[in-house]
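Report on the following structure.
The values are calculated or read from the model by the stated rules, or taken from the named source; none is laboratory data. Predicted model, so just to flag it, every value in this text is computed and none were measured. Ideal geometry is used to build each Cβ from the backbone, glycine not excepted, and the neighbour counts take in all protein chains shown. To get the accessible areas, we keep the full protein, side chains included, count just its heavy atoms, and leave off ligands, DNA and RNA. Shrake-Rupley method; radii C 1.70, N 1.55, O 1.52, S 1.80 Å.
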Amino acid sequence: MSHIRKAVFPVAGMGTRFLPATKSIPKEMLPLVDRPLIQYAVDEAREAGIEEFIFVSAAGKGALEDYFDTAAALEARLQASGKTEALAALGVTRMPEGALTILRQAQPLGLGHAVRQAKNLIGNEAFAVILPDDVIKGDRGALAQMVDAHRGVGGHMVAIMDVPRAQTSMYGILDVKDEAGALARARGLVEKPRSDLAPSTKAVIGRYILDSAILDRLDTLRPGAGGELQLTDAINADVKSVGVTGYMFEGQRFDCGSVQGYVQATAAFALSRADLCEEYSAFIDRSRKRLRLVA
Ligand code: G1P
């Protein structure tokens, strides 16, 4: 059994990079092939043994709530018309009774502020945070890998990957004390440092396992980079008292908060589907040839 039972999903972001699509649908509902981003995040959490799902949401995100609700009329129609495959496809959207809680973040004050909303629901156990924008494709879910690794080390754990130095200002960056295999102990963390000031090129990716001590720390947090309450700063403040480890996960990460990352993820997931791969890759080849002819 997993020792991490609860996960927080910050889903209050506006998704301005995907306008106009996100004018009336939450960015977490944008699909990769035929599943919305939030489904990938929830599936990864389930694989890691998560039993309680806490969405920190905001106004205008009703479609997210409906997605994990039953759709009685739709299900009845599918049943009546014998569309058993379509009906079965809805299975992944079902949550056990009481497993999903949706909170509202009244103001967009940053990731640290979003996680703090869940304080009363977390209590004093370690918990996970998953940012659905970061989609990680691999044989085993990144959070499940982290939950295993966390058993041995405890404290706060963040997923990390190496990024080009020119990109450090897009991420939380680890100041690495020492490394052993997939684990990197941190001396500190900095949110979005300039490339010439970054202590390393090990970037935090949106998966965290946090000791509940972070919740008190978040209460006293002051605004950081971008004027926001940064989760990275709270984790950094706990480096000595709680301990922070970076975990180099296995898998391919897509930044689905950016249009480029999103279209690449779409292609990667389509190409790995046996029912789509052949025709889709032939289409891409043909399209590239046509472009070359035109150019
Ligand atoms: C957030 C975190 C940052 C982390 C990143 C990963 O930033 O603040 O530390 O590296 O997610 O995707 P955001 O991308 O929300 O600006």
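Overview of results
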| quantity | calculated |
| --- | --- |
| Residue that is farthest from the ligand (Cβ to nearest atom), among those in segment 207-222 that are assigned to a loop (DSSP other than H, G, I, E, B) and touching a Leu at 6+ places or on another chain (Cβ under 9 Å) | 222 |
| Any hit, segment 83-104, residues being within 16 Å of the ligand (Cβ to nearest atom) and under 18 Å from the mean Cα position of the chain (by Cα) | no |
| Number of the exception - residue 225 against (1) open to solvent by 30 Å² or more (accessible area, probe 1.4 Å); (2) more than 13 Å from the ligand (Cβ to nearest atom); (3) touching a residue at least 24 places away in the same chain (Cβ under 8 Å); (4) of a type in the set (Gly, Ala, Ser) | (2) |
| Count of residues meeting criterion [open to solvent by less than 50 Å² (accessible area, probe 1.4 Å), within 26 Å of residue 116 (Cβ to Cβ) and of a type outside the set (A, V, I, L, M)] in segment 169-211 | 10 |
| Sole exception among (1) away from the ligand (no atom under 15 Å from the Cβ); (2) touching a helix residue (DSSP H, G or I) at 6+ places or on another chain (Cβ under 8 Å); (3) of a type in the set (D, E, K, R) for residue 194, by number | (1) |
| Single residue of 242, 204 found to be more than 14 Å from the ligand (Cβ to nearest atom) and either within 30 Å of residue 22 (Cα to Cα) or assigned to a loop (DSSP other than H, G, I, E, B) (or both) | 242 |
| Pick from segment 212-222, criterion under 21 Å from residue 171 (Cβ atoms) and touching a helix residue (DSSP H, G or I) at 6+ places or on another chain (Cβ under 7 Å), ranking: surrounded by the fewest Cβ atoms within 10 Å (Cβ to Cβ) | 221 |
| Single match in 234, 268, 186 (criterion: assigned to a strand (DSSP E or B) and either closer than 30 Å to residue 108 by Cβ or in contact (Cβ under 8 Å) with a residue 12 or more places away in the chain (or both)) | 186 |
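A quick yes/no check of all residues on (1) within 13 Å of the chain's Cα centre (by Cα); (2) crowded, with 16+ Cβ neighbours inside 10 Å; (3) within 13 Å of the ligand (Cβ to nearest atom); (4) under 16 Å from residue 207 (Cβ atoms):
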| site | (1), (2), (3), (4) |
| --- | --- |
| 131 | yes, yes, yes, yes |
| 136 | yes, yes, yes, yes |
| 142 | yes, yes, yes, yes |
| 148 | no, no, no, yes |
| 154 | no, no, no, no |
| 158 | yes, yes, yes, yes |
| 161 | no, yes, yes, yes |
| 164 | no, no, no, no |
